[in-house]
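S.K.: So that we are looking at the same thing, I have put the structure below in C-alpha cells.
Read-outs throughout are calculated quantities, based only on the coordinates presented, and are distinct from any laboratory measurement. Note that this is a predicted model, so its numbers are computed, not measured. Glycine gets a Cβ as well: all are built from the backbone with ideal geometry, and neighbour counts include every protein chain shown.
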Amino acid sequence: MFFAPPPIVSTEIFTTLPEMFRTPRRTRWADVNRSGQEVHSFLEGPCFDRQGSLYVTDIPYGRIFRISRAGTWELVTEYDGWPNGMKFFNESQIVIADYKNGIMLLDIATGHVTPLLQDYRSEGFKGVNDLVFAANGDLYFTDQGQSGLQDPSGRVFRYSKDGRLDCLLSNVPSPNGILISKDMSSLFVAVTRTQQIWRAPLHDGVATKVGVFLQLHGGMGGPDGLAQSDEGEILVAHTGFGSIWHVSRYGEPLHRIVSSAGISTTNLAFDPLNPSTVYITESQSGSILRAELPIRGAELFDSGR
C-alpha cells in the first residue's frame, strides 16, 4: 500500500549544548558505536518534570542535564555509566536505562545514581536502551546491546510493580524505543535494524502475536525513540534520516517533522505545559529541536505512566 507524502512540519533549534560541556574526544562508547570518532556528546532520553523543565541524557559521558524553559543547561549528575532512555518514577526520582549498568535510579536532589535492576536470572543484560511505564505502574524496557540482523538476540522485559522481572520478547534484531498504549492493550517496539515498528497485543501484560505496525526505510540508522498522543497517534524518531514520523493509530502517515540541524534525531517528548509542542534530541549537533503539531499531545505529567 502506498500513501501520498505526508505534510512537512518544520523544526527550530530550541537550545544547544553549551561549549563549557563540549570536549570532543574518543571514548569506549564512541569507539564501538561511532566508529572511533571523537564526540562532544550524544543526547538522548528526553523527559519533562511537572514544572516543564526538560531532562536529557548524554550517553558517552554519563551525564544528565536539566534544561530550563529559557534553554539554560544545568548538570544534574555525572557518573560511570552510559545513560540512554529515562522516565520519571516520581517527582524526586528518575529511572534510567543505562547501557553499561542496567536499570538505574537517579535521586534528582543529590545526583546520586543507584542500581535498580542489573541482571535477569543472574545473567547480565546485553545493554538496555529505553523504557516506559504502563498505566498500572509496570516498567517495560528494551535490552538492545549490539543485536541486529546478524544477531537477533535483543529482548524486551517487564518489571512489574510487585517486583517480578519477565522477558516478554526475545530474538529481536535491535529493540530500541518502546511504548505501551494508554489502555495497555498493545506494546510497540522500534526495531532499529529492520527499519520497523513492531506491535504486540498484551494479555495480562504478556505480549502475543507480534506483527509489523510500520515499515520504514533508508537513512543511516533506523527508528529510535517513540512517543504517543492522547489520541493514540504515534511519533517515531528516525535517526539517520533527520525526521520524526507522525502516524495515526492505524499506521497512516500524518506528518513528517524535519530536523533543522543534523540527521541524528534520536528521541522526543511532548511538552507538558504546551501539549502540541514536541522537543527532539538531535545528537549529531548536540541540539534540542522544537516543533508544533496539530494534536493535543501527551498527558500533563509526561512520566510515561
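S.K.: Kirkwood hydrodynamic radius of region 98-220 from all distinct Cα pairs, in Å?
M.R.: Details: mean 1/r = 0.0674 Å⁻¹.
Result for region 98-220, one decimal place: 14.8 Å.
S.K.: Next question. Kirkwood hydrodynamic radius (Cα pairs, Å) of the chain? Kindly include the intermediate steps, with their values, before the conclusion.
M.R.: Numbers: mean 1/r = 0.0530 Å⁻¹.
After inverting the mean inverse Cα-Cα distance, the result is 18.9 Å.
S.K.: Follow-up question, since we're still on this one. For GLU78 and HIS203, FRET efficiency with R0 = 35 Å and r from the beta-carbon atoms, rounded to 0.05? Provide the component values of the computation, followed by the final result.
M.R.: Values: r = 42 Å, r/R0 = 1.20.
The formula returns an efficiency of 0.25 here.
S.K.: Can you tell me how much longer the chain between ASP119 and ASP230 gets when fully stretched, taken as 0.36 nm per residue apart minus their C-alpha distance, in nm with one decimal? Provide the component values of the computation, followed by the final result.
M.R.: Numbers: separation 111, 0.36 × 111 = 39.96 nm, distance 3.36 nm.
Roughly 36.6 nm would be gained on extension.
S.K.: Continuing with this model, one more query. What ranking, highest mean first, results for peptides 64-73, 93-102 when packing means the other Cβ atoms within 10 Å averaged over each residue?
M.R.: Numbers: 64-73: 15.5, 93-102: 23.7.
Final packing ranking: 93-102, 64-73.
S.K.: With n ≥ 4 as the cut-off for DSSP H runs, can you work out [θ] at 222 nm for the chain, using -39500 (n - 2.57) per run divided by the number of residues, rounded to the nearest 500?
M.R.: Values: 1 runs with 6 residues, N = 305.
-500 deg cm²/dmol, from helical runs alone.
S.K.: Something else: Based solely on C-alpha atoms, express the radius of gyration and the Dmax of region 50-111 in angstrom.
M.R.: 10.9, 32
S.K.: How large is ³J(HN,Hα) for each residue in region 153-168, as worked out from phi by the Karplus curve 6.51 cos²θ - 1.76 cosθ + 1.60 (θ = phi - 60°), to whole Hz, x for Gly and Pro?
M.R.: 10, x, 9, 10, 10, 10, 10, 6, 5, 8, x, 9, 10, 10, 8, 8
S.K.: If I model a spin label at ASP151 and VAL258 as a point 7 Å from the Cα along the Cα→Cβ vector, what separation in nanometres do I get?
M.R.: Here the modelled spin labels are 3.8 nm apart.
S.K.: Something else now. Report the full-extension gain for the segment ASN171 to MET20: residue separation times 0.36 nm, less the Cα-Cα distance, to one decimal in nm. Don't skip to the end; give the middle numbers.
M.R.: Numbers: separation 151, 0.36 × 151 = 54.36 nm, distance 4.18 nm.
Stretched fully, the ASN171-MET20 segment lengthens by 50.2 nm.
S.K.: Which lysines, on any chain, are close to LYS87 with Cα under 23 Å apart, when same-chain ones fewer than 8 places away are left out?
M.R.: LYS100, LYS126, LYS161, LYS182
S.K.: Using the Karplus curve 6.51 cos²θ - 1.76 cosθ + 1.60 with θ = phi - 60°, work out ³J(HN,Hα) for each residue of region 198-206 in order, rounded to whole Hz, and write x for Gly and Pro.
M.R.: Couplings: 8, 10, 10, x, 10, 10, 6, x, 9 Hz.
S.K.: Counting Lys and Arg as +1 and Asp and Glu as -1, each charge on the Cβ, what is the dipole of the chain about the Cα centre in debye, to the nearest 20? Don't skip to the end; give the middle numbers.
M.R.: Working: 26 positive and 33 negative charges, 85 e Å.
Charge dipole, the chain, about its Cα centre: 400 debye, nearest 20.
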